[in-house]
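A quick write-up on the structure given underneath.
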Amino acid sequence: MKNATFRQLRVFTEVAKHLSFSRAAQALHLTPPAVTMQVKQLEADVGLPLFERRGRQVALTTVGEYMLVYARKILSVQKDAEDAAARFKRVEVGTLNIGMVSTAKYFLPRLLAEFRQEHPGVEVKLAVGNREGLIRMLHGNEVDIAIMGRPPRELATRAEPLAAHPHVFVAPVDHPLLRAGRIGVSSLQPYGFILREPGSGTRAAMEKFFAAAHFTPQVAMEMASNETIKQAVMAGMGLSFLSLHTLGQELDNRLIALLDVEGAPVVRAWNVVHTLSKLLSPAAEAFRYFVLERGESFLAEHYGRHVQL
């Protein structure tokens, strides 16, 4: 691979990420033919095919899987070198890669908009996933900083709490339990629950709460989307347990209701996380400082009226 370029490696890793030449082209702001050309040039340099193409379907070959590991390492080292140079220059420019769990998308973009106003030279890229996906991103050095709940035990990380993160029980606005006032956990037994998928931080928080109460909920269904769960609850399909920070508009417009369950809200923390091996760029340090300074007051202003912590 002595003639491979960083551009070819970036294109290759993007196609491998999406397993689609067209989606990779969109992400890189290139044309599909340009992406195809870069991959073909890299394959010619390697001397072996990196992808199997069956019509529109694309899959990595065994060689491609091996090359992907090294390509990511090379690009990671390149970015670390760029960040180190920026630190010496004390310049807040360049690209900031932020990972976030899907629940954070309800507030983090607004915080990022404020950050960009103060740091216009920083280009921000967001990656979204559940907790397990975010851990993989941190491990693969695909993100500089992650906004998540529980920090990973699998990695050596620095995790700093930026704000309280309440989780609440929700129901349709006409649910009979709302007339009962404060209820015990056992009162939930007759009703089905719509749950987040295994691996999500929300699911883990709920399971820990129910385990402490020696309670097993009736599972009506599982969904990987907060939005879909909210719609299902509002339609009367079941109860759920969600982050308060996903519910702003629904609570403001009285489309969904909070159940007053003993022991709730379950308060966890939002954390700013990065691996200890990661040398943060000035842009990443500026963002870390920004969210630690602004996060708590921002979330309290937008969501604090709905629950008493």
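The values are calculated or read from the model by the stated rules, or taken from the named source; none is laboratory data. Being a predicted model, the structure only gives us computed values, none of them experimental. Neighbour counts are summed over all protein chains in view; Cβ atoms, including those assigned to glycine, are modelled from backbone coordinates with ideal geometry. Please note that ligands, DNA and RNA were not included when accessible areas were found on the heavy atoms of the full protein model with its side chains. Shrake-Rupley method; radii C 1.70, N 1.55, O 1.52, S 1.80 Å.
The sole residue among ALA300, ALA269 that is part of a helix (DSSP H, G or I) and in contact (Cβ under 8 Å) with a residue 24 or more places away in the chain is ALA300. Annotation for segment 277-285: at least one member residue is small (Gly, Ala, Ser), assigned to a loop (DSSP other than H, G, I, E, B), modelled with pLDDT under 90 and surrounded by fewer than 16 Cβ atoms within 10 Å (Cβ to Cβ). Name the residue that is farthest from ARG268 (Cα to Cα), counting only residues in segment 227-237 that are open to solvent by 10 Å² or more (accessible area, probe 1.4 Å) and not aliphatic (A, V, I, L, M). Taking the candidates together, the pick is GLY236. The single condition among (1) in a loop (DSSP other than H, G, I, E, B); (2) at pLDDT 90 or above; (3) of a type in the set (S, T, N, Q) that GLN308 does not meet is (2).
Please work out if ALA146 is surrounded by fewer than 18 Cβ atoms within 10 Å (Cβ to Cβ) and in a strand (DSSP E or B). Explain how you work it out, then say what you get.
Numbers: surrounded by fewer than 18 Cβ atoms within 10 Å (Cβ to Cβ): no; in a strand (DSSP E or B): yes.
Spelling it out, it is not the case that ALA146 is surrounded by fewer than 18 Cβ atoms within 10 Å (Cβ to Cβ) and in a strand (DSSP E or B).
Taken over segment 195-226, residues that are touching a Phe, Trp or Tyr at 6+ places or on another chain (Cβ under 9 Å), closer than 19 Å to PRO166 by Cα and open to solvent by 50 Å² or more (accessible area, probe 1.4 Å) amount to 0. Of the strands (runs of 3 or more DSSP E) lying entirely inside segment 50-124, those containing at least 1 residues that are over 30 Å from GLY304 (Cβ atoms) and open to solvent by 60 Å² or more (accessible area, probe 1.4 Å) are 51-54, 57-60.
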